[in-house]
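Chemist: Input: one structure, supplied below.
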Amino acid sequence: ESINLQEIHDTLVLIAFEAGRMILAANPNDISTGTKMNSADIVTETDQAVERMITVRLKTAYPSYAFVGEETYVAGVTTVTDAPTFIVDPIDGTTNFVHSFPNACVSLGFTLHRRPAVGVVYNPFQDLLFTGIRGSGSYMQRNASLSPGSGQGPRLALPLAGQGTVEGGRTGPPLGDLSTALIAVEWGSQRDGENFEIKARVFRALTASKENGGSMVHSLRSLGSAALNLCACAAGQVDIYWEGGCYAWDVAAGWCILNEAGGRMVSGNPGEWDPAVDSRVYLAVRGASEGQKELVKEFWGVIGEGKM
Ligand code: IPD
């Protein structure tokens, strides 16, 4: 069976806009929320309704492909296989959505052999669309739903690091050390255990002055959406994104966009996207040069050698 990635991309873009309209239609004073693992792990009726819509659309268009969605995932039962698979987060940044903090998106990924092949990430609050197709580059589009052919209008190619610029993104080559880096980190909803202890330490380790035992990066950002962090890294707006605790649906789409912009996921369990064995630690860097290897080494050194 030959798989047309462009066609899948086009389908996902239209679904993303429909999801965006549903997300924007929710009344912020009347969002019905529930919790999952703990009180910081939030789900809303909108997450569930958007996932139902996406499922129906994808099962109609591609009945033979597998589907993994955040809201229908069952621990110990749901797996990601080598089959063509849609991996979907109906709202990445649910906490932001609940608080009307306009940094949330729908994240639609498609994987082949557990590797990202198409990624569509759409922030409806900013009408900002990021897309990527394996082997065909990645793009950013502002006012995306207003453009002719919705999503098909002029797009801004995300350049290979060091080879150009992108509106709002950084122009220089990838960084060789952490001191001038802007780094995205997230706290996630797990608030105990070893992962959490490392996160609690990382803030100080990365921001303190060198004399004070830190690496004094330019700053840290925690904007609340894994998928948008990966897109920011792809666009050169942050240099590194690190988190322990993500799931495949948080990263599947953004990973494709990052790869196609010349960035790399240097820790992310490639080929083991089975939620049961995935250690769920993701470290993304913009650019993939030798210099970046040093940067990554320095980063792991600061937070505790490769360990989460
Ligand atoms: C969450 C967001 C958040 C990250 C969490 C994710 P959700 O996704 O991406 O930034 O810290 O790890 O679970 O729950 O809003 O889809």
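Every number in this text was worked out from the coordinates using simple rules, so none of it is lab data. If you're wondering where the values come from, they're calculated on a predicted model, not measured in any experiment. Using ideal geometry, Cβ is built from the backbone for each residue, glycine included, and neighbour counts are taken over all protein chains shown.
Chemist: What longest region of the chain stays clear of trypsin sites (Lys or Arg not before Pro) that DSSP places outside H, G, I, E and B and that have at most 14 other Cβ atoms within 10 Å?
Modeler: Longest site-free region, per DSSP loop and neighbour criteria: 37-209.
Chemist: Moving on to the next point. Which residues make up the longest stretch of the chain that has no GluC sites (Glu not before Pro) in a DSSP loop with at most 16 other Cβ atoms within 10 Å?
Modeler: 2-166
Chemist: Which chymotrypsin sites (Phe, Trp or Tyr not before Pro) in region 209-255 sit in a loop by DSSP (not H, G, I, E or B) and have at most 10 other Cβ atoms within 10 Å of their own Cβ?
Modeler: On the way: sites: TYR241, TRP242, TYR247, TRP249, TRP255; in loops: TYR247.
In loop regions of region 209-255 (DSSP not H, G, I, E or B), there are no sparsely surrounded chymotrypsin sites (Phe, Trp or Tyr not before Pro).
Chemist: Sticking with this one: Fewest first, what order do ILE257, ILE15 take by the number of other Cβ atoms within 10 Å?
Modeler: Lowest to highest Cβ neighbour count: ILE15, ILE257.
Chemist: Let me know the Rg and Dmax you get for region 66-110 when you use only its Cα atoms, in Å.
Modeler: In order Rg, Dmax, the Cα atoms of region 66-110 give 12.5, 37 Å.
Chemist: Same structure again: Going by how many other Cβ atoms sit within 10 Å of their own, how do VAL202, VAL68, VAL74, VAL106 line up, fewest first?
Modeler: VAL74, VAL202, VAL68, VAL106
Chemist: So, one more: Using alpha carbons only, how many degrees (0 to 90, rounded to 10) separate the axis of helix 248-260 from the longest principal axis of the chain?
Modeler: That works out to roughly 70 degrees.
Chemist: On to the next question. Simple spin-label model, 7 Å along Cα-to-Cβ: ARG52 to SER64 in nm?
Modeler: Distance between label points: 3.0 nm.
Chemist: Tell me, what is a quarter of the convex hull surface for the C-alpha atoms of region 178-303, in nm² with one decimal?
Modeler: Numbers: hull surface 29.4 nm².
Averaging across all directions leaves 7.4 nm² for the Cα convex hull.
Chemist: Right, here's the next one. Taking the Kirkwood radius as the inverse of the mean 1/r across Cα pairs, report the Rg/Rh of region 5-157.
Modeler: Across region 5-157, the Cα-based Rg/Rh ratio is 0.96.
Chemist: Answer rounded, prolate or oblate for region 29-89, using the Cα gyration tensor with square roots of eigenvalues a ≥ b ≥ c: rounded when a/c is under 1.5, else prolate when a/b is larger than b/c, else oblate.
Modeler: Because a/c hits 1.5 or more and a/b fails to exceed b/c, region 29-89 counts as oblate.
Chemist: Before anything else, pin down the relative contact order of region 5-157: Cα pairs under 8 Å, at least 6 apart, normalised by residue count, whole percent.
Modeler: Averaging sequence separation for qualifying contacts and normalising by length gives 20 percent for region 5-157.
Chemist: In addition: Give, in whole angstrom and from largest to smallest, the semi-axes √(5λ) of the equivalent ellipsoid of the chain, with λ running over the eigenvalues of the Cα gyration tensor.
Modeler: 29, 22, 19
Chemist: What does the helix-only formula give at 222 nm for the chain: each DSSP H stretch with n ≥ 4 adding -39500 (n - 2.57), the total divided by the residues, and the result rounded to the nearest 500 deg cm²/dmol?
Modeler: Per the formula, -10000 deg cm²/dmol.
Chemist: Next up: Within a 10 angstrom radius of the beta carbon, how do ASP127, ASP47, ASP82, ASP30 rank from fewest other beta carbons to most?
Modeler: Ranked by crowding around the Cβ, least crowded first: ASP30, ASP82, ASP127, ASP47.
Chemist: For LEU14 and SER189, what is the calculated FRET efficiency with R₀ set at 30 Å and r taken between the beta-carbons, to the nearest 0.05? Spell out each step's value before the answer.
Modeler: Working: r = 31 Å, r/R0 = 1.02.
According to the calculation, E is roughly 0.45.
Chemist: Let me ask something additional. Between ALA200 and SER219, 0.36 nm times their residue separation minus their Cα-Cα distance comes to what?
Modeler: Contour length minus Cα-Cα distance gives 5.3 nm.
Chemist: Quick check: the distance between the Cα centres of region 1-52 and region 76-103, to the nearest angstrom?
Modeler: Computed from Cα coordinates, the inter-centre distance equals 8 Å.
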